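Data block below; observations after.
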Amino acid sequence: MISRRVFVLGATGTIGRATARALLERGHEVVCFVRRCAGVGGGLAPDDSVRLLAGATVRFGDVTDPRSLAADGFCGERFDAWVSCLASRTGSPQDAWAIDHRAHLHALAAARAAGVSHVVLLSAICVQKPRLAFQQAKLAFEQALIESGIGYSIVRPTAFFKSLSGQVERVKRGKPFLVFGDGTLTSCKPISDADLAAYLADCLTDATRLNRVLPIGGPGDAITPRQQGEHLFALLGRTPQFRHVPVGLLDAIIGVLGALGRLAPALAAKAELARIGRYYATESMLVLDPLTGLYDAAATPSTGVDTLFDFYAGLVRGDVAPERGDHAVF
Ligand SMILES: NC(=O)c1ccc[n+]([C@@H]2O[C@H](COP(=O)([O-])OP(=O)(O)OC[C@H]3O[C@@H](n4cnc5c(N)ncnc54)[C@H](OP(=O)(O)O)[C@@H]3O)[C@@H](O)[C@H]2O)c1
């Protein structure tokens, strides 16, 4: 195994922290550039980030400022690779363009100056059907990266466990499992943080992943929200109980917030969140066949060993702490 000097952005996020760990496990030298108040709600102080990323060098600064990226992040040193798990936490159009696009462009310029020859980018499978601002921002940077001439591996994962676990606590409390429509409108191949992190880290040494856009899911068959609920009730030893939410309800919310959002920016941001919710309520996280316009589970590659159902079992036993996804619908 060849050890590389790797610059990491987004290392305090769900996938970023797992990826920093995976890179260290593979013997790479890891430098993480993070903000002083990091984590959900800015709850991580600098010492917390250093503890969280033990084994890596942690540097502090502002990823939105090209001068800080160069002076506080890359520090005039040479790096072999840049791995980005950086992503807007809110998904609001303004934040998405600032982080998923502009900050990435600045980092790409700084990475080039630092001699980086390979960029591993955590993207999302949903950019194949870009309807939302954050998807368009991600796609615009993907394109800039492809055109940059620097080696790239653009990884587009399906759904994360945290985004599919938001209802475990409420169901444990005796409430029904909420589904849109009959619960079979969408399906996905969930991927764990550790399996995705391993996949991202291995992009640095697997020549077949160089200069490729890589959709990736977890092991096993694709599953629907209804199957997720059924399995959860089976784990709890209870009869499945579903509450069906019409997609039209989200359309109504989007319509009202969209109209009011023309007067109040705060409501425009809420309208975008509702649009994000509607997207995930109706679009599968699987490879989209461009010819048929249909999602194709068989064409969606799998990696790793962790299953969502094992993760649910851990949540039900209380061995695993639940983490809410920023874009979770329920
Ligand atoms: N959720 C899903 O099911 C799913 C599925 C497929 C793909 N994805 C994609 O995966 C990506 C990452 O997901 P994740 O769950 O790991 O994200 P996350 O937990 O929200 O982490 C985002 C990272 O970006 C950093 N960041 C955001 N805004 C920043 C700013 N202004 N300045 C500095 N750092 C900033 C965060 O730093 P702080 O800790 O300082 O905030 C954090 O390290 C996203 O692009 C998402 O679209 C998600």
Total residues in region 20-37, condition under 19 Å from the mean Cα position of the chain (by Cα) and of a type in the set (Gly, Ala, Ser): 2
Consider only pairs whose beta carbons are under 8 Å apart and that are at least six residues apart or on different chains; among these, list those whose first residue lies in region 40-62 and is in a helix (DSSP H, G or I) and whose second residue is open to solvent by less than 40 Å² (accessible area, probe 1.4 Å) and among the polar types (S, T, N, Q). SER49/THR12; LEU52/THR12
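Could you grab me the full set of residues in region 33-46 that are more than 8 Å from the ligand (Cβ to nearest atom) and out of contact with any Phe, Trp or Tyr (no Cβ under 9 Å at 6 or more places or on another chain)?
GLY41, GLY43, ALA45
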What are the pairs with Cβ atoms under 6 angstrom where one residue, in region 206-221, is more than 13 Å from CYS126 (Cα to Cα) and in contact (Cβ under 8 Å) with a residue 40 or more places away in the chain and the other, located anywhere, is open to solvent by less than 40 Å² (accessible area, probe 1.4 Å) and of a type in the set (Lys, Arg)? Sequence gap at least six, or different chains. GLY218/LYS189
Here, strands (runs of 3 or more DSSP E) confined to region 143-228 with at least 2 residues that are more than 16 Å from the ligand (Cβ to nearest atom) are 177-180
Search result, residues across region 248-264 that are out of contact with any helix residue (DSSP H, G or I) (no Cβ under 6 Å at 6 or more places or on another chain) and touching a residue at least 24 places away in the same chain (Cβ under 8 Å): ASP251
Somewhere in region 6-17, is a residue in contact with a strand residue (DSSP E or B) (Cβ under 9 Å, 6 or more places away or on another chain), farther than 22 Å from LYS162 by Cβ, more than 9 Å from the ligand (Cβ to nearest atom) and open to solvent by less than 10 Å² (accessible area, probe 1.4 Å)? yes
Residue in region 80-105 that is farthest from the chain's Cα centre (by Cα), counting only those that are under 19 Å from PHE141 (Cβ atoms) and in a loop (DSSP other than H, G, I, E, B): SER92
Read through the list (1) modelled with pLDDT of 95 or more; (2) over 23 Å from ASP289 (Cα atoms); (3) of a type outside the set (Ser, Thr, Tyr), then give the number of the only condition that ILE154 fails. (2)
Within region 126-149, identify whether any single residue is under 14 Å from GLY229 (Cβ atoms), more than 15 Å from the chain's Cα centre (by Cα) and not small (Gly, Ala, Ser), and answer yes or no. no
Give the residue, chosen from VAL30, VAL63, that is open to solvent by less than 60 Å² (accessible area, probe 1.4 Å) and near the ligand (Cβ under 8 Å from one of its atoms). VAL63
So PRO130 clears everything in (1) in a helix (DSSP H, G or I); (2) open to solvent by 20 Å² or more (accessible area, probe 1.4 Å); (3) more than 8 Å from the ligand (Cβ to nearest atom); (4) within 30 Å of LEU294 (Cβ to Cβ) except one condition, right? Which one? (1)
Mind checking whether some residue in region 70-79 is within 11 Å of the ligand (Cβ to nearest atom), under 23 Å from VAL155 (Cα atoms) and crowded, with 16+ Cβ neighbours inside 10 Å? no
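The values are calculated or read from the model by the stated rules, or taken from the named source; none is laboratory data. Values in this document were obtained by computation on a predicted structure and should not be read as measured data. Every residue, glycine as well, gets a Cβ built from its backbone with ideal geometry; the counts of neighbours run over all protein chains shown. These area figures cover heavy atoms from the full protein model, side chains too; ligands, DNA and RNA do not enter into them. Shrake-Rupley method; radii C 1.70, N 1.55, O 1.52, S 1.80 Å.
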